[in-house]
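Student: Have a look at the structure that comes next, please.
The values are calculated or read from the model by the stated rules, or taken from the named source; none is laboratory data. These numbers come from a predicted model, not from an experiment. We work out accessible area using only protein heavy atoms, side chains counted, and drop any ligands, DNA or RNA first. Shrake-Rupley method; radii C 1.70, N 1.55, O 1.52, S 1.80 Å.
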Amino acid sequence: GLELSHCVGANSVGPAVPWRSGGPCKMKRVRTVFKPEQLERLEQEFLKQQYMVGTERVDLAATLHLTETQVKVWFQNRRIKWRKQSMEQKAAKLSQFGVIQPATADSTDTKDHEEDTVDVEL
C-alpha cells in the first residue's frame, strides 16, 4: 500500500507545506522496492508485450503480491526506459555513419512522452 512519512514542518525550519493540498503538512511517499523475483517476472512480461491492461494486469499483480497500480506504474516507467534506450541505440548507429542528431531531439522527445512519466507509486 501507500506509505507516507510523518508530517514535515512542525519541528523543521520553514513553514509546513501541504502535500497535494491534502493537509497542513508535507507528506513524502515511500518508494516501492520490488523483490528480484518480482522484477524478473515483470521484465519477462515486458519482453512479451509493452502494454499490460485489464485482467492480465490484475492477474499479474495478484501473482506477484503487488497492487494493480504498482504494476501499471512499473510498466509506464519501463516503457519510458525502453524508449530512451531505443533513442540512444538509434543515435549510436547514426553516429557510426557520421549523421549528427539535432541537439533539440531529446527535449522534444521528453515533452512528447511527458504524460507517461509517473512519480507516484501506490
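Student: With N denoting the number of residues in the stretch 36-95, provide Rg(C-alpha) divided by 2.2 N^0.38 Å, to two decimal places.
Tutor: 1.29
Student: For the pairs Lys35/Lys84; Lys28/Lys90; Lys28/Lys81; Lys48/Lys93; Lys26/Lys90, note any where the Cα-Cα span goes beyond 30 Å.
Tutor: The answer is Lys28/Lys90; Lys26/Lys90.
Student: Could you tell me what percent of the accessible area of the stretch 36-95 is made up of carbon and sulfur, with a 1.4 Å probe and every protein chain present?
Tutor: Carbon-and-sulfur percentage of accessible area, whole number: 55.
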